[in-house]
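Chemist: This is the structure I have questions about; it appears just below.
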Amino acid sequence: MATFAYEAYDSNGAKKKATIDADNIAEATQKVKDNGLTVISIKPQGSLDQEIHIPGMKKKVSPRDFSVFCRQFSSILKAGVSIVDALEMMADQTENKTLKAAVVNVQSAVEKGENLSTGMKRNDDVFPSLFISMVEAGEASGGLESSIERMADQFEKDAKLKGQLKSALTYPIVLIIVMIAVVVVMITKVVPSFVTMFEDLGTQLPFATRFVIALSDIFLHKWWLIAAVVIAIVVGRKLYLSNDKGKHMSDANKLKTPLLGQIRIKTACAQFSRTLATLLAAGMPVMDAIQTTANTMDNLVFKEALEKVRTGVSLGLSMSSQLKAVGCFPPLVYHMVGIGEETGSAEGMLNNVAVYYDEEVEQATKAMTTVMEPLIIIVMALVVGGIIAAVYGPMITLYNTLG
């Protein structure tokens, strides 16, 4: 019989750490559950692979994790299972420990008589505001299962959008890292081996050669200066982005970046259209839907723009006119919204806009990758070739002179 260390939540949502004796981990898990506890983690005591928990640190819940959670949760509810039992089942099978702990807390709140959305609000550091709003709208309209299913689609498409951008950037980033590594190796290993030879020449070296030698000396003997500059840049950027003005300027500049700027704009349009359509389909009032959509926007420029749109709509103006007035949405967006307002099918038009920009983002990321890959290779060739020319140029000149 072995001893197992476990973490679990009791019926009040309080975390408990203890040990239990059992023949195997399955028996230990069952014993903990028989005591009325919900298991978070359980491992042999003293195991080297025991997880280290850092206070204040939580594993992030990805859109893919939420998509799987929503899909399974909706299916269980449609099967006629009560919310409390459904939450217990989800807690048992959810792999992400941050999400698992939040689900246990929500289950405890629901058992005490609170609504599902109220329990989620108590864990708003895990559940996105959009998800909570959709659950709240579903509870009010009696269509909770449909609302959660819509969120599954929402999270799936968000994950796909982010995945496309991430995959498009991965290869260029790898190339840039390789280029930096090659330059550092040449500067710190190759160039120093020629310095003594250059000193023996006793002639005035070309500027490029002197520059490369000086750069090599900084990397070898004044590396702390480079480290200080890098740290200063990182700290300065963090301080700059710590206030709304700095973050606004940074997000505005991101939208103007060549290649990436257009992708970010199209991604924001897809996110805006899909989120607003999802909220309207759930029966949420337009004003609340616009505010919730604004809160979900990653870019502060679009978030502030939607808050202005909401103000205009509250004064009786059309949404399409306000989307045009803020100036950051492409014409297709406010024209399609305008058609939807005239025909009474705003939700359908927003879905069409989302589908269109999903395809645009996919094509734009492929085009960006096609352009960036050869561009980075050319830059790498120029940088490495420049260093080689600066090192071997004086030697070739000397050999020609001697010849």
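Chemist: For segment 171-188, which residues satisfy the criterion of being surrounded by 12 or more Cβ atoms within 10 Å (Cβ to Cβ) and over 28 Å from T365 (Cβ atoms)?
Modeler: M186, I187, T188
Chemist: Can I ask one more? Which of the following residues is buried (at least 20 other Cβ atoms within 10 Å of the Cβ) and touching an Asp or Glu at 6+ places or on another chain (Cβ under 7 Å): V353, V301, V361, V333?
Modeler: Of the residues listed, the single one that is buried (at least 20 other Cβ atoms within 10 Å of the Cβ) and touching an Asp or Glu at 6+ places or on another chain (Cβ under 7 Å) is V301.
Chemist: Only residues in segment 214-233 that are assigned by TED's automatic domain parsing to the domain that holds V190 count as the first member; pair them with residues that are aliphatic (A, V, I, L, M) and surrounded by 10 or more Cβ atoms within 10 Å (Cβ to Cβ), Cβ under 6 angstrom, at least 6 apart or cross-chain, and list the lot.
Modeler: Pairs found: L215/I187; S216/I187; S216/V191; F219/I187.
Chemist: Every residue in segment 234-245 that is without any contact (Cβ under 8 Å) to a residue 12 or more places away in the chain and within 15 Å of D298 (Cα to Cα), please.
Modeler: L241
Chemist: Let me ask another. Look at S141 and say whether it is surrounded by fewer than 19 Cβ atoms within 10 Å (Cβ to Cβ), within 30 Å of F69 (Cα to Cα) and not assigned by TED's automatic domain parsing to the domain that holds T370.
Modeler: Answer is yes for this residue.
Chemist: Then there's this: May I ask you to list pairs of residues, at least six apart or on different chains, whose Cβ atoms are under 6 Å apart, with the first in segment 112-134 being free of Cβ contacts under 8 Å to residues at least 24 places away in the same chain and the second being aromatic (F, W, Y) and not in a helix (DSSP H, G or I)?
Modeler: Within 6 Å, the pairs are M120/F127.
Chemist: Give the residue that is surrounded by the fewest Cβ atoms within 10 Å (Cβ to Cβ), with candidates limited to residues of segment 62-93 that are among the aromatic types (F, W, Y) and in contact with a helix residue (DSSP H, G or I) (Cβ under 6 Å, 6 or more places away or on another chain).
Modeler: Residue satisfying both the conditions and the ranking: F66.
Chemist: Next question, about the same structure. Scan the helices (runs of 4 or more DSSP H) fully inside segment 172-269 and keep the ones with 1 or more residues being among the hydrophobic types (A, V, I, L, M, F, W, C) and modelled with pLDDT of 85 or more.
Modeler: 207-221, 223-240, 244-256
Chemist: Is it the case, given these coordinates, that T29 is at pLDDT 75 or above, out of contact with any Lys or Arg (no Cβ under 7 Å at 6 or more places or on another chain) and surrounded by fewer than 16 Cβ atoms within 10 Å (Cβ to Cβ)?
Modeler: No.
Chemist: Across segment 119-134, what is the total count of residues that are closer than 14 Å to D288 by Cα, surrounded by 22 or more Cβ atoms within 10 Å (Cβ to Cβ) and not polar (S, T, N, Q)?
Modeler: Within segment 119-134, residues that are closer than 14 Å to D288 by Cα, surrounded by 22 or more Cβ atoms within 10 Å (Cβ to Cβ) and not polar (S, T, N, Q) number 2.
Chemist: Evaluate segment 336-352: report whether one residue or more is under 29 Å from the mean Cα position of the chain (by Cα), of a type in the set (D, E, K, R), more than 23 Å from K189 (Cβ to Cβ) and at pLDDT 85 or above.
Modeler: yes
The values are calculated or read from the model by the stated rules, or taken from the named source; none is laboratory data. Everything quoted here is computed from the prediction, not taken from an experiment. Every residue, glycine as well, gets a Cβ built from its backbone with ideal geometry; the counts of neighbours run over all protein chains shown.
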